[in-house]
Amino acid sequence: MDIFLFWVIFITFLVLVLGTFAWGGILAAPWIPVWKKDIKRLLDLAQIKPGETLYDLGAGDGRIVIMAAKEYNAIAVGYEIASLPYFLAYIKILVLGLRGKASFRYRNFFKADLSQADIIVTFLTPPAMEKLKPKFERELKPGARVVSYAFSIKGWEPKQKSKPNKKTTAIYFYQR
């Protein structure tokens with residue numbers, strides 16, 4: 001292969017991957033993985049019943065989706081717009097044999113129909129949460145739960161807040 005062609009392909013690939021990271025960061029939040037102990041705390045707070053549908057908005061590399069499917073028997077769906085975390089999550093789901101219980105959608109969750117979710121999980125910036133609030137109010141079915149890592153939903157009163165100590169990140173639990 002010609003060295004010039006190699007560099008054109010490499011730079012194009014790099015721009016596309018980094019571009020999706022930038023777009024995800026601008027749209028809703030940069031990719032910052034959540035600690036495993038916090039995922040467990042978040043999913044416990046969600047009060048998942050086996051077979052319930054959980055949507056993780058801005059799901060990154062699929063950590064929450066995978067744990068929800070494996071350990072809580074949820075039907076877990078992740079929405080991700082950055083290409084690298086999306087592909088990592090997709091591969092993990094295949095390798096772990098979770099197809100059918102866990103899935104990923106390479107899609108903008110602001111345009112997705114959230115009406116089938118029993119539980120919504122988020123780790124998004126305050127502006128993204130503000131933008132999602134009317135969507136939640138329109139689309140979420142009665143009894144649906146929203147669990148937000150780090151940031152509250154302005155104007156909503158959480159039913160519960162988990163912050164065991166000063167060093168832990170707050171997790172907010174809401175129910176429609």
*Among the residues of the range 119-150 satisfying the criterion of being of a type in the set (Phe, Trp, Tyr) and modelled with pLDDT of 95 or more, which is farthest from Asp38 (Cα to Cα)?*
Phe136
*Sort out which residues of the range 80-90 are more than 15 Å from Ala69 (Cα to Cα), among the hydrophobic types (A, V, I, L, M, F, W, C) and part of a helix (DSSP H, G or I), and write them in order of number.*
Leu84, Phe87, Leu88
*Scan the range 36-55 for residues that are surrounded by 13 or more Cβ atoms within 10 Å (Cβ to Cβ) and not in a helix (DSSP H, G or I) and jot them down.*
Ala46, Gln47, Ile48, Glu52, Thr53, Leu54, Tyr55
*Pick from the range 61-81 the residues that are touching a residue at least 40 places away in the same chain (Cβ under 8 Å) and either among the polar types (S, T, N, Q) or closer than 17 Å to Met129 by Cα (or both): which of them is least open to solvent (accessible area, probe 1.4 Å)?*
Glu80
*From the list Leu114, Leu45, Leu96, Leu54, pick out the single residue that is within 12 Å of the chain's Cα centre (by Cα) and at pLDDT 95 or above.*
Leu54
*Would you point out the residue of the range 119-165, among those that are touching a residue at least 24 places away in the same chain (Cβ under 8 Å) and of a type in the set (S, T, N, Q), that is surrounded by the fewest Cβ atoms within 10 Å (Cβ to Cβ)?*
Gln160
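The values are calculated or read from the model by the stated rules, or taken from the named source; none is laboratory data. Every value quoted in this text rests on a predicted model; they were computed, and no experiment measured them. Neighbour counts run over all protein chains shown; Cβ positions are idealised from the backbone, glycine included. Heavy atoms of the whole protein, side chains included, go into the accessibility calculation; ligands, DNA and RNA do not. Shrake-Rupley method; radii C 1.70, N 1.55, O 1.52, S 1.80 Å.
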